[in-house]
Each structure stands twice: as structure tokens, then as C-alpha cells.
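Colleague: Quick one: this structure, given as C-alpha cells, is what I'll be asking you about.
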Amino acid sequence: MLVLLPPSEGKSVPRRGRPLDLDTLAFPALTDTRRRIAEALVALCVDDREKAADVLGLGPTQTDALDRDAGLWTQPTARADAVYDGVLYAALDLDTLDPAARRRASRSLAFASALFGLLRPADRIPAYRLSGNVTLPGLGTIASQWRGELGPAVEEARGSGLLVDLRSSTYAALWKPTGPADRLATVRVLHEAGGRRTVVSHFNKATKGRIVRALLAEGASPRTVGGLAATLRDLGWTVEEHGSRLDVIVTEV
């Protein structure tokens, strides 16, 4: 089983650690594209900070993010699972899993990234700001850079197992999975209250983090969408199946 997670827009800034080395990251077939995007990002932030802020969607109080992107090659790095934070990653809370579950995480989790394409939890990266919907001057959209690159990397990592795609819509746009429908699962979290169901960002992110944590802790590795649905029900969730999409119904955080 391979689980694809979105990155967090907010990131924990490493205080110490060696600088970024693209050659040490997992999925080495992505190195050239990573370097091309990184160089364009650094050049933008060094050459025209006002334009960079506009392109990256940064406000006047976020100049520290511009500084970090400008210094991407020299900033300290830490493990990706420590740099990414936010609601999903707080709920996932990898650090508090037992050693066996953390080893499973290293094999079965991959993080989507506008800058790096795909990352494993142990990959060392700096804090950076680059969303998947950005268009970089001279390169074009981030999606155009990754669309032809990510498929082979994901398929190699997945092998013959189930792909659980938990990316947000922004990062799902970078690459669309293909293959047998029973080997590709997406998850939608619906908050039910007063007889109505809605998609609420906080519930969605927190529940996805808890689902992944539970699967890792349990050592579960279902091979089909139906198997994943059955596993989640065994773990206490209310799940409805709609083809390759599973709807998980929650009533509280």
C-alpha cells in the first residue's frame, strides 16, 4: 500500500541541519525537475521580491518566506515529516508511533510537493513556500512541470499494491492516477450535523491524519478499495463506498 499525502502550506522551520542536497532525496528520477523548479524559485525571489510575493501569494508580513525561498540552497534542512505540520500532520503525529509503525510509515507514505514532486518521510528538506497552483516565470505552471514525471515514480513505489490518494485538489491536479479501479482509493470526509452532510476542511484534514495513523499502528495493508473500507470499519469509522471513493462520515472532531 502506498499513501499519498498533501504537504502543509505552513511549515516548521529547521534551526540546524545540513543544506539541501537533491541527490540524497528519494525518487531520484525526479531530481532534474526538482532542480529546474528550485532554480526558478530562487531566481524569482532573489531578482524581484515584489513580483515573487505576488506570484507566491505572500502578504507584507510574510517576507520571511521570501527569504527562505531565496536562500533555498543554504537553509538548514530536517526530515520532511518534521517540516510539514498543520492539522493533518498533527493528527498523524508520526513521532509518537511505536518503532514498527514508524518503519511502516517510511515504506508506505509519500508526500506530494510542488517543489520536490514526491518525498519520503526521512527526506531532508528546508522550509519553503511554493503551492501547487503557482505559475513560475519562465517555467509555467507547476502542474505542467510534474504531470509527466510523477506517474512512473508513484507506480514504482506502489508496485502491485493499493494506492490511497489523500492529496488535496491542488496537488491532485499535478498528476492523475491510472490503473485498476479497485487498486486506487480516494477518501472524502463528510461532517454530519443536523441531518446534513458537508465537507469541512478541518474535519477533512484531521480525520485523514487519524486514518493514516490508525492504519500504520494496526499494521494494516489492504490491497483493494473494498479491503480498505472494511479495515476502516473495523477500526471504528463509518464508511460508505462509491466506486473508488470512500466517504468517511464524522460527527465531531
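Colleague: Can you tell me which residue is farthest from Ser106 (Cα to Cα) among those in the range 215-238 that are without any contact (Cβ under 8 Å) to a residue 40 or more places away in the chain and surrounded by fewer than 16 Cβ atoms within 10 Å (Cβ to Cβ)?
Modeller: Among those that are without any contact (Cβ under 8 Å) to a residue 40 or more places away in the chain and surrounded by fewer than 16 Cβ atoms within 10 Å (Cβ to Cβ), it is Thr238.
Colleague: Another question about this same structure. Looking at (1) in contact (Cβ under 8 Å) with a residue 12 or more places away in the chain; (2) under 22 Å from the mean Cα position of the chain (by Cα), which is the only condition Val199 fails?
Modeller: (1)
Colleague: Taking the range 64-101 as the region of interest, how many residues are farther than 20 Å from Glu218 by Cα, of a type in the set (Gly, Ala, Ser) and in a helix (DSSP H, G or I)?
Modeller: 4
Colleague: Another question, if that's okay. Could you please find all residues in the range 166-183 being surrounded by fewer than 16 Cβ atoms within 10 Å (Cβ to Cβ) and assigned to a helix (DSSP H, G or I)?
Modeller: Listed by number, the residues that qualify are Ser169, Ala181, Asp182.
Colleague: Of all residues in the range 133-165, which are assigned to a strand (DSSP E or B), surrounded by 14 or more Cβ atoms within 10 Å (Cβ to Cβ) and either modelled with pLDDT under 95 or over 19 Å from the mean Cα position of the chain (by Cα) (or both)? Let's see the steps before the verdict.
Modeller: Residues of the range 133-165 that are assigned to a strand (DSSP E or B), as a first pass: 135-136, 140-141, 163-165.
Among the residues that remain, those that are also surrounded by 14 or more Cβ atoms within 10 Å (Cβ to Cβ) are: 136, 141, 163-165.
Scanning the range 133-165 gives a single hit, Leu136.
Colleague: Could you please tell me which pairs satisfy a Cβ distance under 9 Å, a separation of 6+ or placement on different chains, a first residue in the range 55-68 that is within 19 Å of Thr135 (Cα to Cα), and a second residue that is loosely packed, with under 13 Cβ neighbours inside 10 Å?
Modeller: The qualifying pairs are Val55/Thr135.
Colleague: Have a look at Thr224, Thr251, Thr198, Thr186 and point out the one that is of a type outside the set (Gly, Ala, Ser), over 25 Å from Leu30 (Cβ atoms) and at pLDDT 95 or above. Break it down stepwise before answering.
Modeller: Working: Thr251 fails: at pLDDT 95 or above; Thr198 fails: at pLDDT 95 or above; Thr186 fails: over 25 Å from Leu30 (Cβ atoms).
Just one listed residue meets the conditions, Thr224.
Colleague: Let me ask something additional. Filter the range 1-10 down to the residues that are closer than 15 Å to Tyr128 by Cα and touching a strand residue (DSSP E or B) at 6+ places or on another chain (Cβ under 6 Å), then identify the one that is surrounded by the most Cβ atoms within 10 Å (Cβ to Cβ). Lay out the reasoning, then the answer.
Modeller: Restricting attention to the range 1-10, the residues satisfying the condition of being closer than 15 Å to Tyr128 by Cα are 6-10.
From what is left, the residues that are touching a strand residue (DSSP E or B) at 6+ places or on another chain (Cβ under 6 Å) are 6-8.
Numbers: Pro6: 23, Pro7: 28, Ser8: 17.
Ranking the qualifying residues of the range 1-10, first place goes to Pro7.
Colleague: A further question follows. Can you give me the number of residues within the range 19-47 that are aliphatic (A, V, I, L, M) and not in a helix (DSSP H, G or I)? Show your work before the answer.
Modeller: Applying the first criterion (aliphatic (A, V, I, L, M)) to the range 19-47 yields 20, 22, 25-26, 29-30, 37-38, 40-44, 46.
Still in the list and also not in a helix (DSSP H, G or I): 20, 25-26.
Summing the residues that are aliphatic (A, V, I, L, M) and not in a helix (DSSP H, G or I) in the range 19-47 gives 3.
Colleague: Give the residue that is surrounded by the fewest Cβ atoms within 10 Å (Cβ to Cβ), with candidates limited to residues of the range 201-210 that are at pLDDT 90 or above and in contact with a strand residue (DSSP E or B) (Cβ under 7 Å, 6 or more places away or on another chain).
Modeller: Taking the range 201-210 as the starting set, the residues that turn out to be at pLDDT 90 or above are 204-210.
From what's left, in contact with a strand residue (DSSP E or B) (Cβ under 7 Å, 6 or more places away or on another chain): 204, 207-208.
Working: Asn204: 21, Thr207: 24, Lys208: 24.
So the residue we want is Asn204.
Colleague: Among the candidates Arg147, Arg158, Arg107, single out the residue that is within 25 Å of Leu184 (Cβ to Cβ), charged (D, E, K, R), out of contact with any helix residue (DSSP H, G or I) (no Cβ under 7 Å at 6 or more places or on another chain) and in contact (Cβ under 8 Å) with a residue 60 or more places away in the chain. Can you show your working first?
Modeller: Numbers: Arg147 fails: in contact (Cβ under 8 Å) with a residue 60 or more places away in the chain; Arg107 fails: in contact (Cβ under 8 Å) with a residue 60 or more places away in the chain.
The match here is Arg158.
Colleague: Which residues, taken from the range 110-132, are surrounded by 22 or more Cβ atoms within 10 Å (Cβ to Cβ), small (Gly, Ala, Ser), closer than 21 Å to Leu44 by Cβ and in contact with a helix residue (DSSP H, G or I) (Cβ under 7 Å, 6 or more places away or on another chain)?
Modeller: Ala114, Gly117, Gly132
Colleague: Identify, please: which residue in the range 48-63 is aliphatic (A, V, I, L, M) and either over 20 Å from Arg35 (Cβ atoms) or part of a loop (DSSP other than H, G, I, E, B) (or both) and is, among those, modelled with the lowest pLDDT?
Modeller: Quick first cut of the range 48-63, residues aliphatic (A, V, I, L, M) only: 52-53, 55-56, 58.
Next, only the ones that are either over 20 Å from Arg35 (Cβ atoms) or part of a loop (DSSP other than H, G, I, E, B) (or both) stay: 53, 58.
Values: Ala53: 96, Leu58: 93.
Step by step, filter the range 48-63, then rank; the result is Leu58.
Colleague: What number goes with the only condition from (1) in contact with a Lys or Arg (Cβ under 6 Å, 6 or more places away or on another chain); (2) free of Cβ contacts under 8 Å to residues at least 40 places away in the same chain that Cys45 does not pass?
Modeller: (1)
Colleague: The conditions are (1) over 16 Å from Phe111 (Cα atoms); (2) assigned to a strand (DSSP E or B), and Thr186 fails exactly one of them. Which is it?
Modeller: Status for Thr186: all satisfied but (1).
The values are calculated or read from the model by the stated rules, or taken from the named source; none is laboratory data. What you see is a predicted model; the values in this text were computed from it and never measured. Counting neighbours? That spans all protein chains shown, and the Cβs are built from the backbone with ideal geometry, glycine included.
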